[in-house]
Amino acid sequence: MKTVFLYAYDNRNLGDDLFVHTITKRYPGVRFYLWASERSRETYAELSNLKVLTDNDFWVRTLGKLSPRNVGRIRRFYERAADAVVYIGGSIFIEYPNWRNILNWWDFAAENYPLFVLGANFGPYSSEDYRETLDKIFLKTQDVCFRDRFSKECFSDNPKVRCAPDILFSLPLPPAEKKKQAFFSIIDCEQKEEGQNRLAQYDADYVHFMAEQADRLIENGWSVVFSSFCKAQGDERGIDKVLRVMKNANQVQFCHYDGTNAALVLQTLAESRRIYATRFHAAILGLAAEAEVIPIVYSDKTIHVLEDISSTIHYLDIRNLSNDRRIDKLPVSKIESKDLINLSLEAESHFLKLDSVLTTHTNEVLK
């Protein structure tokens, strides 16, 4: 049996957890290993071909007591034995002040393992030195497939770099009849930042905008659902702020992702006629569900992806909501079914090079 050592964001974030579901279900005959927290065993309990390894495992703790370095040696054992080491994630190439230390790990992994990078975007970044260093590292990988053209074009001469639509366009969503229901994906601007992109200064405008939209819908006979995609990143705190300034807060319903109820969140999203999408993957999943989507972007990464999909997609920007709040009727965006089919097929090409290593693959509906 072939094996993959998997890297993914480990903090119960809906989008990243769905990445793990997607790749493991694509290759049911492959054994995946993921070094993560103890609670990830509950998150991925249904994935029979995924084994979660933790620092708390008995044998890891035992060897770690003999020497702390043994924990790293155990991880490297699994990485060296794997047919592929896959890092699947979104914003994993942001330039931070300590970027040289971060890229030391990437350089080591690309040099020593058959490394695949899937589903990512590049940036935000500010220095050409950072981009050039990463470009040299990418040459040592097996494959880098970004989810937007902007990221790919930053490495346009690198033969290892490709791009495809976001991986979750290939995720089968549950069938659902649309209701007069609006699904709100909400974040906490005070806690959300990417690199030097800090959103705290826009928090008040964002909170009042979301409250005004939800109140207006409720007063016009809509059901309103507030959803947290990642509690650890403050989504539930952001929701509490919006509720505190609403007039009709007692009529809001909730569907928070807790690491174990992805199917419920997807079902609720799929049956909603309209999606107010602050989270990146709320926009992607909303478009995939053929809903009316109002993306409320907080980063250029979302703008790049939306512009790749269609020049007709409208979005609002958290960094300019003080002006957008004056709009009486917000523009909504939808994708035609035929275009969604193409996006789904193109999204699967993230796995094109990995397919050649892990021969047997399949797609299954997330149950």
In deg cm²/dmol and to the nearest 500, what is the mean residue ellipticity at 222 nm of the chain if only DSSP H runs of at least 4 residues count, each as -39500 (n - 2.57), divided by the residue total?
-11500 deg cm²/dmol
Counting only DSSP beta bridges fully inside segment 179-342, the antiparallel percentage to nearest 5 is 15
Can you sort Tyr257, Tyr7 by how many other beta carbons sit within 10 Å, fewest first?
Tyr7, Tyr257
Taking the reciprocal of mean 1/r across every pair of different Cα atoms in the chain, the Kirkwood radius in Å is 21.5
Whichever aspartates and glutamates have a C-alpha closer than 15 Å to that of Lys51, once near sequence neighbours (fewer than 8 apart) are set aside
Asp10, Asp17, Glu38, Glu42, Glu79
Kirkwood-based shape ratio for segment 180-303, expressed as Rg/Rh from alpha carbons
0.93
Taking segment 179-342, how many lysine pairs are there with alpha carbons less than 19 Å apart, if each pair must be eight or more places apart or span two chains?
7
Using a 7 Å offset from Cα along Cα-Cβ at Thr359, what residues in segment 84-123 end up with backbone N under 19 Å from the label point?
84-85
Hz values of 3J(HN,Hα) by residue in segment 334-348 - Karplus curve (6.51, -1.76, 1.60), Gly and Pro given as x:
9, 10, 5, 4, 5, 6, 5, 4, 5, 4, 4, 5, 5, 4, 5
For Asp166, Asp148, what ranking results if the residue with the fewest other Cβ atoms within 10 Å of its Cβ goes first?
Asp148, Asp166
Tell me the label-point distance for the pair Ala204, Asp135, using the 7 Å Cα-to-Cβ offset, in nm and rounded to one decimal.
4.4
Treat the count of other C-beta atoms within 10 Å as a stand-in for reagent exposure and order Arg279, Arg273, Arg149 from fewest to most.
Arg149, Arg273, Arg279
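Calculated FRET efficiency, Ser127 and Thr54, Cβ-Cβ r, R0 25 Å, to nearest 0.05?
Working: r = 36 Å, r/R0 = 1.43.
Here the calculated transfer efficiency is 0.10.
Since every read-out is calculated from the coordinates, none of them should be taken as a lab result. Here the structure is a predicted model, which means the values were calculated and not measured. Neighbour counts run over all protein chains shown; Cβ positions are idealised from the backbone, glycine included.
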